[in-house]
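Reading through the C-alpha coordinates given below for one structure.
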Amino acid sequence: MKLASLKNGRDGRLIVVSRDLAFYTDAASIAPTLQAALDAWETAEPQLRALAHRLEQGAVKGEVFAPEKCAAPLPRAYQWADGSAYVNHVELVRKARNAEMPKTFWTDPLMYQGGSDGFLGPRDAIPLADPSWGCDMEAEVVVVTGDVPQGVTREAALAAVRLVGLVNDVSLRNLIPAELEKGFGFFQSKPASALSPVFVTPDELGDAWRDGKLHRRLEVFLDEQPFGRAQAGVDMTFDFGVLVAHAAKTRDLCAGTIIGSGTVSNRGPDGGPGKPIRDGGDGYSCIAEVRTVEKILEGAPKTPFLVPGNRVRIEMKDDAGLSIFGAIDQVVGR
(Lines give C-alpha, C1' and ligand atoms only; values in the text may rest on other atoms or scores of the structure.)
Protein backbone atom coordinates (compact mmCIF):
# COMPACT_ATOMS: atom_id res chain seq x y z
CA MET A 1 0.00 0.00 0.00
CA LYS A 2 1.27 3.45 -0.95
CA LEU A 3 0.16 6.62 0.86
CA ALA A 4 0.75 10.31 0.20
CA SER A 5 -0.57 13.72 1.22
CA LEU A 6 -1.82 16.41 -1.13
CA LYS A 7 -1.06 19.98 -0.11
CA ASN A 8 -3.99 21.09 2.03
CA GLY A 9 -3.52 23.23 5.12
CA ARG A 10 -0.78 22.34 7.60
CA ASP A 11 -1.23 18.56 7.61
CA GLY A 12 -2.22 17.77 4.03
CA ARG A 13 -5.01 15.51 2.79
CA LEU A 14 -4.46 11.75 2.81
CA ILE A 15 -4.61 9.86 -0.48
CA VAL A 16 -3.96 6.28 -1.56
CA VAL A 17 -1.64 5.94 -4.58
CA SER A 18 -1.46 3.12 -7.11
CA ARG A 19 1.59 0.86 -7.13
CA ASP A 20 2.87 2.37 -10.39
CA LEU A 21 2.37 5.90 -8.99
CA ALA A 22 0.09 6.75 -11.90
CA PHE A 23 -3.19 7.35 -10.07
CA TYR A 24 -4.57 8.18 -6.65
CA THR A 25 -7.86 8.27 -4.83
CA ASP A 26 -8.94 10.37 -1.88
CA ALA A 27 -8.85 8.63 1.51
CA ALA A 28 -10.39 11.41 3.62
CA SER A 29 -13.48 9.31 4.36
CA ILE A 30 -11.20 6.89 6.24
CA ALA A 31 -8.72 9.37 7.73
CA PRO A 32 -8.32 13.05 6.83
CA THR A 33 -4.55 13.00 7.31
CA LEU A 34 -1.77 10.45 7.50
CA GLN A 35 -1.24 11.26 11.17
CA ALA A 36 -4.91 10.52 11.85
CA ALA A 37 -4.51 7.16 10.09
CA LEU A 38 -1.41 6.33 12.15
CA ASP A 39 -3.23 7.25 15.36
CA ALA A 40 -5.99 4.76 14.50
CA TRP A 41 -3.89 2.26 12.52
CA GLU A 42 -5.66 -0.90 13.66
CA THR A 43 -8.94 0.28 12.18
CA ALA A 44 -7.66 2.60 9.43
CA GLU A 45 -5.06 0.28 7.89
CA PRO A 46 -7.52 -2.46 6.72
CA GLN A 47 -9.81 0.18 5.23
CA LEU A 48 -6.95 1.94 3.45
CA ARG A 49 -5.66 -1.38 2.14
CA ALA A 50 -9.12 -2.26 0.80
CA LEU A 51 -9.30 1.14 -0.91
CA ALA A 52 -5.86 0.58 -2.43
CA HIS A 53 -7.06 -2.78 -3.79
CA ARG A 54 -10.13 -1.17 -5.34
CA LEU A 55 -7.91 1.49 -6.93
CA GLU A 56 -5.67 -1.19 -8.47
CA GLN A 57 -8.74 -3.04 -9.80
CA GLY A 58 -10.27 0.10 -11.27
CA ALA A 59 -13.27 -0.20 -8.99
CA VAL A 60 -12.89 3.42 -7.81
CA LYS A 61 -12.19 6.46 -9.92
CA GLY A 62 -8.52 7.41 -9.93
CA GLU A 63 -7.09 10.87 -10.50
CA VAL A 64 -3.70 11.39 -12.16
CA PHE A 65 -1.00 11.42 -9.47
CA ALA A 66 1.20 14.54 -9.64
CA PRO A 67 4.08 14.66 -7.13
CA GLU A 68 4.37 18.41 -7.52
CA LYS A 69 0.97 18.71 -5.82
CA CYS A 70 2.15 16.69 -2.84
CA ALA A 71 3.19 17.88 0.54
CA ALA A 72 5.49 15.64 2.53
CA PRO A 73 3.49 12.52 3.52
CA LEU A 74 3.76 13.87 7.08
CA PRO A 75 4.00 17.65 6.59
CA ARG A 76 4.76 17.92 10.30
CA ALA A 77 5.46 15.11 12.73
CA TYR A 78 5.52 14.66 16.46
CA GLN A 79 9.10 13.44 16.28
CA TRP A 80 12.00 13.18 13.80
CA ALA A 81 15.08 11.36 15.05
CA ASP A 82 17.91 10.67 12.63
CA GLY A 83 20.50 7.96 13.21
CA SER A 84 23.87 7.34 11.63
CA ALA A 85 23.58 3.68 10.79
CA TYR A 86 26.26 3.82 8.09
CA VAL A 87 29.36 4.26 10.22
CA ASN A 88 31.48 4.57 7.09
CA HIS A 89 29.78 7.94 6.49
CA VAL A 90 30.39 9.06 10.08
CA GLU A 91 34.05 8.12 9.82
CA LEU A 92 34.52 10.08 6.59
CA VAL A 93 32.78 13.30 7.65
CA ARG A 94 34.65 13.30 10.97
CA LYS A 95 37.91 13.01 9.05
CA ALA A 96 36.86 16.09 7.10
CA ARG A 97 36.78 18.14 10.29
CA ASN A 98 39.80 16.38 11.88
CA ALA A 99 37.70 14.77 14.62
CA GLU A 100 38.64 11.36 15.96
CA MET A 101 35.93 8.71 15.88
CA PRO A 102 35.41 6.79 19.16
CA LYS A 103 35.30 2.99 18.87
CA THR A 104 31.87 2.98 20.55
CA PHE A 105 30.39 4.38 17.32
CA TRP A 106 30.54 0.80 15.96
CA THR A 107 28.50 -0.59 18.85
CA ASP A 108 26.16 2.20 20.00
CA PRO A 109 24.09 4.15 17.43
CA LEU A 110 24.46 7.87 16.99
CA MET A 111 21.14 9.74 16.87
CA TYR A 112 20.04 13.35 16.95
CA GLN A 113 16.57 14.86 17.29
CA GLY A 114 15.78 17.06 14.30
CA GLY A 115 13.12 19.69 13.73
CA SER A 116 9.84 18.00 12.85
CA ASP A 117 7.50 21.00 12.86
CA GLY A 118 7.77 21.31 9.10
CA PHE A 119 9.02 19.01 6.32
CA LEU A 120 9.51 20.17 2.75
CA GLY A 121 7.42 18.58 0.02
CA PRO A 122 9.19 16.42 -2.58
CA ARG A 123 9.22 19.23 -5.16
CA ASP A 124 9.66 22.19 -2.82
CA ALA A 125 12.77 24.32 -3.24
CA ILE A 126 15.55 24.07 -0.67
CA PRO A 127 15.60 27.55 0.90
CA LEU A 128 19.18 28.77 1.34
CA ALA A 129 19.66 32.20 2.86
CA ASP A 130 23.47 32.18 2.68
CA PRO A 131 25.55 29.97 0.33
CA SER A 132 28.54 30.32 2.68
CA TRP A 133 26.73 27.98 5.11
CA GLY A 134 27.77 25.01 2.96
CA CYS A 135 24.45 23.46 1.91
CA ASP A 136 24.54 19.70 1.38
CA MET A 137 22.01 17.01 0.54
CA GLU A 138 21.91 13.74 2.48
CA ALA A 139 19.98 10.87 0.88
CA GLU A 140 18.53 8.48 3.45
CA VAL A 141 15.88 5.85 4.13
CA VAL A 142 13.29 6.57 6.84
CA VAL A 143 10.65 4.56 8.66
CA VAL A 144 7.49 5.76 10.40
CA THR A 145 6.43 3.94 13.55
CA GLY A 146 3.23 3.28 15.38
CA ASP A 147 3.19 3.65 19.14
CA VAL A 148 6.39 2.17 20.60
CA PRO A 149 6.71 1.47 24.35
CA GLN A 150 9.82 2.39 26.30
CA GLY A 151 12.41 -0.39 26.53
CA VAL A 152 11.12 -2.23 23.47
CA THR A 153 13.15 -5.11 21.99
CA ARG A 154 14.63 -4.93 18.50
CA GLU A 155 12.06 -7.43 17.22
CA ALA A 156 9.11 -5.54 18.71
CA ALA A 157 10.55 -2.29 17.37
CA LEU A 158 10.61 -3.73 13.85
CA ALA A 159 7.01 -4.87 14.23
CA ALA A 160 6.07 -1.26 15.03
CA VAL A 161 7.31 0.01 11.64
CA ARG A 162 4.25 1.14 9.69
CA LEU A 163 5.75 2.88 6.65
CA VAL A 164 9.02 3.27 4.77
CA GLY A 165 10.18 6.23 2.67
CA LEU A 166 13.07 8.48 1.68
CA VAL A 167 14.38 11.78 2.99
CA ASN A 168 16.75 14.50 1.87
CA ASP A 169 18.20 15.48 5.23
CA VAL A 170 19.53 18.91 4.30
CA SER A 171 22.68 19.90 6.21
CA LEU A 172 24.55 23.20 6.46
CA ARG A 173 28.05 21.78 6.74
CA ASN A 174 29.93 24.96 7.53
CA LEU A 175 27.74 25.61 10.57
CA ILE A 176 28.18 22.12 12.02
CA PRO A 177 31.69 22.30 13.55
CA ALA A 178 30.98 25.39 15.69
CA GLU A 179 27.68 23.92 16.89
CA LEU A 180 29.23 20.59 17.85
CA GLU A 181 32.09 22.33 19.65
CA LYS A 182 29.49 23.63 22.10
CA GLY A 183 28.77 20.03 23.06
CA PHE A 184 25.02 20.39 22.65
CA GLY A 185 24.39 18.96 19.17
CA PHE A 186 22.87 20.15 15.88
CA PHE A 187 20.31 22.92 15.61
CA GLN A 188 20.91 25.74 13.13
CA SER A 189 22.92 23.42 10.92
CA LYS A 190 19.89 21.18 10.34
CA PRO A 191 17.12 23.07 8.51
CA ALA A 192 13.92 21.52 7.13
CA SER A 193 14.29 18.15 5.40
CA ALA A 194 12.28 16.92 2.38
CA LEU A 195 10.37 13.63 2.29
CA SER A 196 9.59 11.43 -0.71
CA PRO A 197 6.16 11.89 -2.36
CA VAL A 198 4.99 8.47 -1.17
CA PHE A 199 5.50 6.31 1.91
CA VAL A 200 4.81 2.57 1.57
CA THR A 201 3.97 -0.28 3.91
CA PRO A 202 6.87 -2.73 4.37
CA ASP A 203 5.03 -5.57 2.59
CA GLU A 204 5.03 -3.44 -0.58
CA LEU A 205 8.82 -3.85 -0.71
CA GLY A 206 8.79 -7.66 -0.92
CA ASP A 207 12.03 -9.42 -0.04
CA ALA A 208 13.93 -6.14 -0.42
CA TRP A 209 12.72 -5.39 3.12
CA ARG A 210 14.47 -7.90 5.38
CA ASP A 211 16.57 -7.93 8.53
CA GLY A 212 15.36 -4.41 9.29
CA LYS A 213 17.04 -3.03 6.16
CA LEU A 214 15.95 -1.95 2.68
CA HIS A 215 18.08 -3.81 0.16
CA ARG A 216 17.91 -1.53 -2.89
CA ARG A 217 20.08 1.11 -4.50
CA LEU A 218 19.46 4.71 -3.54
CA GLU A 219 19.97 6.84 -6.63
CA VAL A 220 21.21 10.43 -6.26
CA PHE A 221 21.56 12.93 -9.09
CA LEU A 222 23.16 16.37 -8.91
CA ASP A 223 22.24 18.71 -11.77
CA GLU A 224 20.88 15.65 -13.60
CA GLN A 225 24.25 13.85 -13.47
CA PRO A 226 24.58 10.53 -11.56
CA PHE A 227 26.13 11.24 -8.17
CA GLY A 228 25.36 8.16 -6.05
CA ARG A 229 23.87 4.67 -6.28
CA ALA A 230 24.79 3.15 -2.93
CA GLN A 231 23.15 -0.08 -1.77
CA ALA A 232 21.01 0.83 1.23
CA GLY A 233 21.19 -2.70 2.62
CA VAL A 234 25.01 -2.84 2.53
CA ASP A 235 27.35 -1.44 5.21
CA MET A 236 24.37 -0.55 7.43
CA THR A 237 25.86 -1.19 10.86
CA PHE A 238 22.58 -0.69 12.75
CA ASP A 239 19.27 -1.87 11.25
CA PHE A 240 15.98 -0.08 11.80
CA GLY A 241 14.99 -2.42 14.63
CA VAL A 242 18.11 -1.37 16.52
CA LEU A 243 17.56 2.32 15.68
CA VAL A 244 13.92 2.36 16.80
CA ALA A 245 14.76 0.44 19.99
CA HIS A 246 17.62 2.86 20.66
CA ALA A 247 15.25 5.84 20.35
CA ALA A 248 12.81 4.14 22.73
CA LYS A 249 15.36 3.18 25.39
CA THR A 250 14.23 5.86 27.85
CA ARG A 251 10.89 7.05 26.44
CA ASP A 252 7.77 5.98 24.60
CA LEU A 253 7.57 6.88 20.91
CA CYS A 254 4.19 8.04 19.66
CA ALA A 255 2.57 6.98 16.41
CA GLY A 256 3.98 9.06 13.58
CA THR A 257 7.57 9.10 14.84
CA ILE A 258 10.03 9.27 11.92
CA ILE A 259 13.38 7.50 12.31
CA GLY A 260 16.14 8.05 9.75
CA SER A 261 18.95 5.74 8.71
CA GLY A 262 21.53 8.45 8.30
CA THR A 263 23.29 9.05 4.99
CA VAL A 264 23.49 5.85 2.97
CA SER A 265 27.17 5.09 2.44
CA ASN A 266 29.13 2.15 1.04
CA ARG A 267 32.80 1.30 1.35
CA GLY A 268 34.85 0.51 -1.73
CA PRO A 269 35.66 -3.12 -2.63
CA ASP A 270 39.03 -2.70 -0.89
CA GLY A 271 37.37 -1.60 2.35
CA GLY A 272 38.39 2.02 1.86
CA PRO A 273 36.30 5.01 0.77
CA GLY A 274 34.08 4.44 -2.24
CA LYS A 275 34.83 5.88 -5.65
CA PRO A 276 32.81 8.33 -7.75
CA ILE A 277 30.49 6.83 -10.35
CA ARG A 278 32.66 8.21 -13.16
CA ASP A 279 35.52 6.07 -11.82
CA GLY A 280 33.43 2.90 -11.66
CA GLY A 281 32.31 3.24 -8.03
CA ASP A 282 28.88 3.59 -6.47
CA GLY A 283 29.36 7.25 -5.70
CA TYR A 284 28.03 9.10 -2.70
CA SER A 285 24.76 10.16 -1.06
CA CYS A 286 26.09 13.54 0.08
CA ILE A 287 28.70 16.07 -1.01
CA ALA A 288 30.63 15.93 2.27
CA GLU A 289 31.80 12.39 1.52
CA VAL A 290 33.21 13.15 -1.92
CA ARG A 291 34.93 16.24 -0.49
CA THR A 292 36.55 14.09 2.19
CA VAL A 293 37.74 11.56 -0.39
CA GLU A 294 39.15 14.42 -2.49
CA LYS A 295 40.98 15.74 0.55
CA ILE A 296 42.45 12.31 1.33
CA LEU A 297 43.53 11.55 -2.22
CA GLU A 298 44.30 15.01 -3.62
CA GLY A 299 45.06 17.12 -0.57
CA ALA A 300 42.04 19.42 -0.81
CA PRO A 301 38.31 19.16 -1.55
CA LYS A 302 37.18 20.30 -5.01
CA THR A 303 33.45 19.60 -5.25
CA PRO A 304 31.51 22.68 -4.10
CA PHE A 305 28.51 22.59 -1.81
CA LEU A 306 25.08 23.44 -3.17
CA VAL A 307 24.24 26.96 -4.31
CA PRO A 308 21.03 28.48 -5.66
CA GLY A 309 20.13 26.88 -8.98
CA ASN A 310 21.57 23.42 -8.21
CA ARG A 311 19.14 20.55 -8.62
CA VAL A 312 19.04 17.42 -6.42
CA ARG A 313 17.11 14.24 -7.25
CA ILE A 314 16.81 11.25 -4.89
CA GLU A 315 14.96 8.08 -5.89
CA MET A 316 14.79 4.31 -5.43
CA LYS A 317 13.54 1.87 -8.09
CA ASP A 318 12.27 -1.71 -8.12
CA ASP A 319 13.49 -4.59 -10.30
CA ALA A 320 11.35 -3.35 -13.19
CA GLY A 321 12.90 0.09 -13.02
CA LEU A 322 9.78 1.72 -11.59
CA SER A 323 10.05 4.33 -8.86
CA ILE A 324 8.97 2.94 -5.49
CA PHE A 325 8.50 6.15 -3.49
CA GLY A 326 8.54 8.73 -6.26
CA ALA A 327 11.45 11.14 -6.50
CA ILE A 328 12.56 13.92 -4.23
CA ASP A 329 13.40 16.50 -6.91
CA GLN A 330 14.47 19.88 -5.57
CA VAL A 331 16.15 23.03 -6.78
CA VAL A 332 18.14 25.13 -4.34
CA GLY A 333 16.47 28.52 -3.95
CA ARG A 334 17.14 31.66 -1.96
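Excluding ligands, DNA and RNA, the accessible surface per residue across the chain is 44 Å² with a 1.4 Å probe.
Against the chain, whose longest principal axis is taken from its Cα atoms, helix 287-298 shows a tilt of about 20°. Considering only SER261, SER189, SER29, the mean-square fluctuation computed in a Gaussian network model of the chain, springs between alpha carbons under 10 angstrom, is largest for SER29.
With the whole protein complex present, PHE305 retains an accessible surface near 30 Å², based on a 1.4 Å probe. Rounded to the nearest 10 degrees, the inclination of helix 41-57 to the longest alpha-carbon principal axis of the chain is 80 degrees.
Over 24 Å between Cα atoms: which of LYS2/LYS213; LYS7/LYS61; LYS2/LYS69; LYS213/LYS317; LYS190/LYS317; LYS275/LYS302 fall into that group?
LYS190/LYS317
Once the Cα atoms are used to define both axes, helix 87-96 deviates from the longest principal axis of the chain by about 40 degrees. Just checking the listed ones, SER132, SER84, SER285: in the Gaussian network model of the chain with Cα springs under 10 Å, the one fluctuating most is SER132.
Could you compute the FRET efficiency for ASP20 and VAL331, with r as their C-beta to C-beta distance and R0 at 22 Å, rounded to 0.05? List each step's numbers first, then the result.
Details: r = 26 Å, r/R0 = 1.18.
So the FRET efficiency works out to roughly 0.25.
Assuming charge only on the beta carbon of Lys and Arg (+1) and of Asp and Glu (-1), the dipole of the range 113-221 about its Cα centre is about 100 debye to the nearest 20. Annotation for GLN231 and GLU294: the two label points, set 7 Å from Cα along the Cα-Cβ direction, are 2.8 nm apart. Considering the chain as a Gaussian network with a 10 Å cut-off on Cα pairs, which listed residue, GLU138, GLU298, GLU315, attains the greatest mean-square fluctuation? Of GLU138, GLU298, GLU315, the Gaussian network model singles out GLU298 as fluctuating most.
Taking every DSSP beta bridge that has both residues in the chain, what percent is antiparallel when rounded to the nearest 5?
Details: 53 of 59 bridges.
Roughly 90 percent of the beta bridges in the chain run antiparallel, per DSSP.
Here the accessible area is traced with a 1.4 Å probe on the protein chains. For the range 159-205, carbon and sulfur cover 57 percent of it. Entry note, the chain: relative contact order of 22 percent, from Cα contacts under 8 Å with a spacing of 6+ residues.
Stretching THR250 away from PHE187 to a fully extended chain increases their span by 20.5 nm, per 0.36 nm per residue minus the current alpha-carbon distance. Remark: spin-label model distance ALA320-ASP223 equals 3.6 nm, labels positioned 7 Å along the Cα→Cβ axis.
Determine the gain in length on full extension of the stretch ARG311-LYS7; use 0.36 nm per residue of separation and subtract their C-alpha separation, reporting nm with one decimal. List each step's numbers first, then the result.
Values: separation 304, 0.36 × 304 = 109.44 nm, distance 2.19 nm.
So the extension gain works out to 107.2 nm.
For the pair the range 300-334 and the range 172-223, the centres of their Cα atoms are 12 angstrom apart.
The values are calculated or read from the model by the stated rules, or taken from the named source; none is laboratory data. What you are looking at is a predicted structure, and each value in this text was computed from that prediction instead of being measured. Counting neighbours? That spans all protein chains shown, and the Cβs are built from the backbone with ideal geometry, glycine included. Just the protein is used for accessible areas: all its heavy atoms, side chains included, with ligands, DNA and RNA removed. Shrake-Rupley method; radii C 1.70, N 1.55, O 1.52, S 1.80 Å.
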